Each structure stands twice: as C-alpha cells, then as structure tokens.
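K.L.:
Pasting a structure here, questions to come.
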Amino acid sequence: MASSEALTTTGYIKHHLQNLTFGQHPDGTWGIAHGAAEAKAMGFWAIHLDTMFWSVLLGALFIWVFRRAAVKASAGVPSGLLNFVEWVVEFVDDNVRGSFSHKNDLVAPLALTLFVWVLLMNTMDLVPVDWLPELAKLMGIEYMKVVPTTDPNATFGMALGVFVLTVFYSIKVKGIGGFTAELTMQPFAAKNPILKILFLPANFFLEFVSLVSKPVSLSLRLFGNLFAGEMIFILIALLFSGGAVLFIAGGVLQWAWAVFHILIVLLQAFIFMTLTIVYLEMAHSHH
C-alpha cells in the first residue's frame, strides 16, 4: 500500500479494490498503473494482470486436478480425490440432463468447466484480504486483487463467451430465418400481414433487449454478489486495527461472514452454470 494511503480508512479500501493494471500511459509508454487515476487514463485496452494471473492459475489447477483423477481412475471403488471428482462430474451431469433436452456434446463439459472454474475463483474470497496483497508487497507488487470474479472484466468475459455460443447455436439450429423470426415475430403476433409489419419494430426491440440482457444479468449477478462479499471482508478487516475489543469482534465477524459466504460462493457458481445450460437449451429449441 502507498504510504500516503496507509493511515486512512479510505486509502485502505481503495488499495484493496485496485487492480494491478498494465497499459499505455498518456505519454505513450507502457507500464503498470500506480493508482486508480493512472489506470483510468490507460483506457479500454488496459489489462488487469492480477485478474488474468489468478483466473489462469485456477483454471490450470482445475485441469491438473481433474486430469490427475482421470489418469488414476480404475474399475474398483473410488476413494479420496477420485471419489470427489466423480461426485462433481455426476452432479453437473445430472443438472445438464435435467435442463438440456437436446444432443450436444459441448454442453456438459462446458457446464463442468464453468462450475468448477467459477467456484475456484469465488473461493479465493475466503482467503483473508491482507494475506496475499501483503505477500505481493514484499515482492514489489503494489496492488493485488486475488478474486477474479470481483472484476467485471472477468465476469463479462465469461458471460460474453456464453452469449456467443447461444447466438451461434440459435443460428445453427434454426437458421438465419428462424433466428430472425424469433426476434421479430413475438411476443406480438397476428395473422394479418399489415399488423405483422406494424409489430416488427416493437417485437424486435423487446426481443433484442431480452437477448442482450442475458449476458449482462449473467455477469452482473456474479460480479455484484462477489464484490459485495469482498467489500464486507475489507470492512471487517478494518476492525483489527481498532484495539483489543474491536480485534476480537472483527475475528468473530470475519469467521461468521466466511461461513455464510461459503453458501454464496457455491450458489453463484451453480447459478452461472445453470443459466448457461438454460440459455443453450433455449438456443436449441424452436419457438
């Protein structure tokens, strides 16, 4: 944390909410932003290095653990890691079978990847807020946000990936004509050709808003819940510097919120996976 901000509550909160941002400075040079103002000046093409690092690292961890379990799989009774991995796979598979009624070999692996990946990223919120940022400071890294899902860039990126797949399969299954008809022939329908034409603008507006709202709501729901949880952890952490009584109170509150937050961590990963399955089911279904 910068020394000028170290003694203030506002500085502490701003520091913990600041991403490690890399981009182009106004003078044309490239480098790390030293504060929110520099990060903002870098514009749209700036990269949050901490979000990229932790999301890729956790994704690689997911692949390594599940591959290790797959390599050790045998015909005997599973135990330990293999038993856990099989339980997760069966849980996701049951949800896919219950919500997706079409044939597509991509949906189940996609649902498994999103569920475990989002769950791992959310779980980073349970790590005490000062541990990893303080470790990063010792390594000369000024800022370090360790929960990728508290960064809207990460949640919007995943949601946009789901949105692209939804549009792709809508066109692939129904054709351009069928997809266009879904956007222009409902919810107001009529047999009269003139009324059909008159309803086109209203139908397109309503259906286009409904289509675009899917990735927006998918990303903002995940981001909002995790960002709020992270903010509460940060506010609780401020109590530890307020004397012995507040230190004890902070410890109790942090433990209580962490226990409750486990439910949010699991639930948000499950919701993201489930909505992805539902959106792909809608993309494969004719109206």
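K.L.:
Only residues of the stretch 165-184 count here: report those whose backbone N is under 13 Å from the spot 7 Å along Cα→Cβ of F204, or say none.
P.N.:
180-184
K.L.:
Distances longer than 15 Å among the Cα atoms of the stretch 204-287: what percent of all pairs is that?
P.N.:
Roughly 69 percent, once rounded to a whole number.
K.L.:
Taking 0.36 nm per residue of sequence separation and subtracting the Cα-Cα distance, how much length would be gained by fully extending the chain between L61 and S285, in nm to one decimal?
P.N.:
77.1 nm
K.L.:
Let me ask you something else. Under the Karplus relation 6.51 cos²θ - 1.76 cosθ + 1.60, θ = phi - 60°, what is the ordered set of whole-Hz ³J(HN,Hα) values for the stretch 83-95, x standing for Gly and Pro?
P.N.:
4, 5, 4, 4, 5, 5, 4, 5, 4, 5, 4, 5, 5
K.L.:
Relative to the Cα centre, what is the charge dipole magnitude of the chain, using +1 at the beta carbon of each Lys and Arg, -1 at the beta carbon of each Asp and Glu, and rounding to the nearest 20 debye?
P.N.:
760 debye
K.L.:
Could I get the Rg over Rh figure for the stretch 39-86? Both from C-alpha atoms, Rh via Kirkwood, rounded to two places.
P.N.:
Dividing the radius of gyration by the Kirkwood radius yields 1.35.
K.L.:
Could you work out the per residue convex hull volume over the alpha carbons of the stretch 98-152, in cubic angstrom?
P.N.:
That works out to 106 Å³ per residue.
K.L.:
What is the gain in length, in nm to one decimal, between K196 and I141 on full extension, counting 0.36 nm per residue of separation less the C-alpha to C-alpha distance?
P.N.:
Gain in length upon complete extension: 13.7 nm.
K.L.:
Counting residues in the stretch 50-284 as N, plug N into 2.2 N^0.38 Å and put the Cα Rg over that result.
P.N.:
1.27
K.L.:
Taking neighbour Cβ counts within 10 Å as the exposure measure, how do M185, M121, M144, M273 sort from fewest upward?
P.N.:
Going from sparsest to densest Cβ surroundings: M185, M144, M273, M121.
K.L.:
Treat each spin label as a single point 7 Å out from the Cα along the C-beta direction, and report the N83 to H34 distance in nm.
P.N.:
Inter-label distance under the simple model: 5.5 nm.
K.L.:
Moving on to the next point. Using DSSP to define loop residues, name the trypsin sites (Lys or Arg not before Pro) in the stretch 18-120 whose beta-carbon has at most 11 other beta-carbon atoms within 10 Å.
P.N.:
Filter output for the stretch 18-120: K103.
K.L.:
Further, regarding this structure: Report relative contact order for the stretch 130-278 in percent, whole number only (criteria: Cα-Cα under 8 Å, sequence separation at least 6).
P.N.:
Relative CO of the stretch 130-278 lands at 23 percent.
K.L.:
If you average 1/r over all unlike Cα pairs in the stretch 117-197 and invert the result, what Kirkwood radius do you get in angstrom?
P.N.:
Every distinct Cα pair counted, the radius reaches 16.9 Å.
K.L.:
What's the extension gain from A189 to I47 if we count 0.36 nm per residue and subtract their Cα-Cα distance?
P.N.:
Full extension of this stretch gives 46.5 nm more.
K.L.:
Could you list, in their original order, any pairs among K103/K174; K103/K191; K174/K214; K172/K196 whose Cα atoms are separated by more than 23 Å?
P.N.:
Going by Cα-Cα distance, K103/K191; K172/K196 fall outside the 23 Å limit.
FYI, it's all coordinate maths here, none of it is from the lab. Bear in mind the structure is a predicted one, so any value in this text is a computation, not a measurement. Note that we place each Cβ from the backbone using ideal geometry, even for glycine, and neighbour counts take in every protein chain shown.
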